[in-house]
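One structure is given below, encoded as structure tokens.
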Amino acid sequence: MRVTLHQDKCVASGQCVLAAQEVFDQRDEDGVAVLLDDSPPAGAHDDVRHAAAVCPALAITLAES
Amino acid sequence: MNTTRDVVIVGASVAGLTTAVTLRTLGYDGRLTLIGDEPHTPYDRPPLSKQILAGTWEPDRIRLRTDEELAALDAELLFGRSATGLDVAAGRVLLDGGDSVPYGSLVIATGVNPCRLPGVELAGVHLLRTLDDALALRAAMLRGPRVAVVGAGFLGAEAAAAARGMGLEVTLIDPRPVPMRRQFGDRVGALVGELHQDHGVSVRCGTGVNQFLETDGRVTGLELTDGVKLDADLVVVAVGAAPATGWLRESGLLLTNGVECDATCRAAPGVYAAGDVASWHNSHFDAPMRLEHRLNATEQAQAVARNVLGAELPFAPVPYFWTDQYDARIQAYGIFPADADLAVLHGELDSRRFVAAYGHRGRVVGVLGWNCPRELRTLRRLVVERAPWSSIGAQECLTAAW
């Protein structure tokens, strides 16, 4: 799985961090999401899919291999 | 998983589309019909009053799915079609033009319609709900320097901020004493008012509109309840919204405050509702709830999709919503009842960088962050855990949020 985070669309809701905190974090200054791991291990895939599905800005896209 | 076949979804915005996407993700391979009354393919609404109005984003950017992704849903997409009625006994949705669609399971996701005021039909008066509304309002804003915004809730406050960003002369009017009072209470609402004043908005709160002034069918200003007459080239009416349930009037469904549902978002056997139109019992707060929030549309649609397929699980989320105005990003988790208490947990109110908790009946029911996204996310747990109000260790305890 390949994760892409579109920071220009991010609204800093932090939903991705709540869903998959080993893959996403938030910047201190404005809360915009940062990607910690663009090819997370298989064990995290369900959480990352959930993060992408709930993101209220549709800022996360996934390429499933 | 049961043997549900023929799922029909009425409403093709976030809630309707997310229901369809989630059904397919969960493996539903039966017939799927998605009906939406707008001609556009599904798009996202929060940017309408922000980036679309400000002109910083092109409309294409708010599409919820590409054409390829929509095609991959393998659904019958009826866009630009309105549902006009529902026959529950026969299991059919009636459409404009007289035809109808049979369903095994129905998901109602028709959202809300903006409330109107007498005078709203005048040229120069704008409502803001759809992409077409937003584009028309932006075009008018490019022509007219004086904007009056009636209603200082989410939409009105964001529209005022966008108009100021374009250098327009803006007056923000609301009969309540401060902006966003219904959402956040007097204390935080007053800060929103100061924010707008600091950015050059004339904030006229505590004043309603007596009548729209006009010449030859075009608005020229407003007469306010305090007698003041205000010149305006255009007026934005943002005075709330009502559930879009007109088409369900004869259906027999209970429509007190939107489509009344049980804790699983089911309105009747085989009939569910999701998004702004749905009222259901949220067991986390033991309260009836109807939310007009972006994230709720997604989460409730996901829950409904699971329940359509037989999960029968209650939907009991901690709501999340946000608003962006100027450089302020205000985010909130939970509920904000009108008689809540308020306590500052982090930062200071006047610094416009803080997290505040809202307490109700001895529990934390909401947390609100102003330019504090990370801290707010951490403190969300107080709402999840329904922390006792006496336990939160506030730096500064204030007695009433309202």
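See the values below:
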quantity	calculated
Any pair with Cβ under 7 angstrom, 6 or more apart, that starts in segment A:6-18 at a residue that is more than 9 Å from every other protein chain (Cβ to nearest Cβ) and ends at one that is not small (Gly, Ala, Ser)	A:7/A:32; A:10/A:32; A:16/A:24; A:16/A:55; A:16/A:60
Some residue of segment B:390-402 being modelled with pLDDT of 95 or more, in a loop (DSSP other than H, G, I, E, B) and open to solvent by less than 60 Å² (accessible area, probe 1.4 Å)	no
Unique residue being closer than 18 Å to residue B:79 by Cβ, within 14 Å of chain A (Cβ to nearest Cβ) and open to solvent by less than 30 Å² (accessible area, probe 1.4 Å) when the list is B:18, B:33, B:22	B:18
Qualifying position, being of a type in the set (A, V, I, L, M) and surrounded by fewer than 21 Cβ atoms within 10 Å (Cβ to Cβ), among B:195, B:248, B:254	B:254
Residue in segment B:74-102 that is most open to solvent (accessible area, probe 1.4 Å), counting only those that are of a type in the set (Val, Ile, Thr) and part of a strand (DSSP E or B)	B:84
Test for residue B:167: is it modelled with pLDDT of 95 or more and closer than 30 Å to residue B:342 by Cα	no
From B:122, B:77, residue being in contact (Cβ under 8 Å) with a residue 12 or more places away in the chain and not assigned by TED's automatic domain parsing to the domain that holds residue B:29	B:122
Selection count, segment A:25-51, where residues are open to solvent by less than 20 Å² (accessible area, probe 1.4 Å), away from chain B (no Cβ under 11 Å) and in contact with a strand residue (DSSP E or B) (Cβ under 9 Å, 6 or more places away or on another chain)	3
Scan of segment B:202-213 for residues that are of a type outside the set (D, E, K, R), surrounded by 15 or more Cβ atoms within 10 Å (Cβ to Cβ) and within 29 Å of residue B:339 (Cα to Cα), ordered by number	B:203, B:205, B:207, B:208, B:209
Meets criteria (open to solvent by 30 Å² or more (accessible area, probe 1.4 Å) and within 14 Å of chain A (Cβ to nearest Cβ)) for residue B:329	yes
Verdict on residue A:54 being modelled with pLDDT of 95 or more and more than 24 Å from residue B:45 (Cβ to Cβ)	no
Some residue of segment A:27-44 being more than 10 Å from the chain's Cα centre (by Cα) and at positive phi	yes
Members of segment A:2-20 that are part of a loop (DSSP other than H, G, I, E, B) and on the phi < 0 side of the Ramachandran plot	A:6, A:7, A:8, A:9, A:10, A:11, A:13, A:20
Residue that is farthest from residue B:113 (Cα to Cα) [pool: residues in segment B:179-190 that are in contact (Cβ under 8 Å) with a residue 24 or more places away in the chain and either among the basic types (Lys, Arg) or buried (at least 22 other Cβ atoms within 10 Å of the Cβ) (or both)]	B:187
Any hit, segment B:307-321, residues being under 22 Å from residue B:196 (Cβ atoms) and either surrounded by fewer than 22 Cβ atoms within 10 Å (Cβ to Cβ) or within 14 Å of chain A (Cβ to nearest Cβ) (or both)	yes
Strands (runs of 3 or more DSSP E) fully within segment B:104-171 counting 3 or more residues that are of a type in the set (A, V, I, L, M, F, W, C)	B:105-108, B:146-150
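For every residue, the table says whether it meets (1) open to solvent by 50 Å² or more (accessible area, probe 1.4 Å); (2) in contact (Cβ under 8 Å) with a residue 12 or more places away in the chain; (3) within 21 Å of the chain's Cα centre (by Cα).
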position	(1), (2), (3)
B:215	yes, no, no
B:219	no, yes, no
B:226	yes, yes, no
B:229	yes, yes, no
B:237	no, yes, yes
B:263	no, yes, yes
B:268	no, yes, no
B:275	no, yes, yes
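A quick yes/no check of all residues on (1) touching a residue at least 60 places away in the same chain (Cβ under 8 Å); (2) more than 12 Å from chain A (Cβ to nearest Cβ):
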position	(1), (2)
B:354	no, yes
B:358	yes, yes
B:363	no, yes
B:374	no, no
B:379	no, no
B:387	no, yes
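The values are calculated or read from the model by the stated rules, or taken from the named source; none is laboratory data. Nothing here was measured: the structure is a model prediction, and the numbers come from that model. No Cβ is skipped: glycine too gets one built from the backbone with ideal geometry, and neighbour counts run over all protein chains shown. Surface accessibility is based on the protein's heavy atoms, side chains included, excluding ligands, DNA and RNA. Shrake-Rupley method; radii C 1.70, N 1.55, O 1.52, S 1.80 Å.
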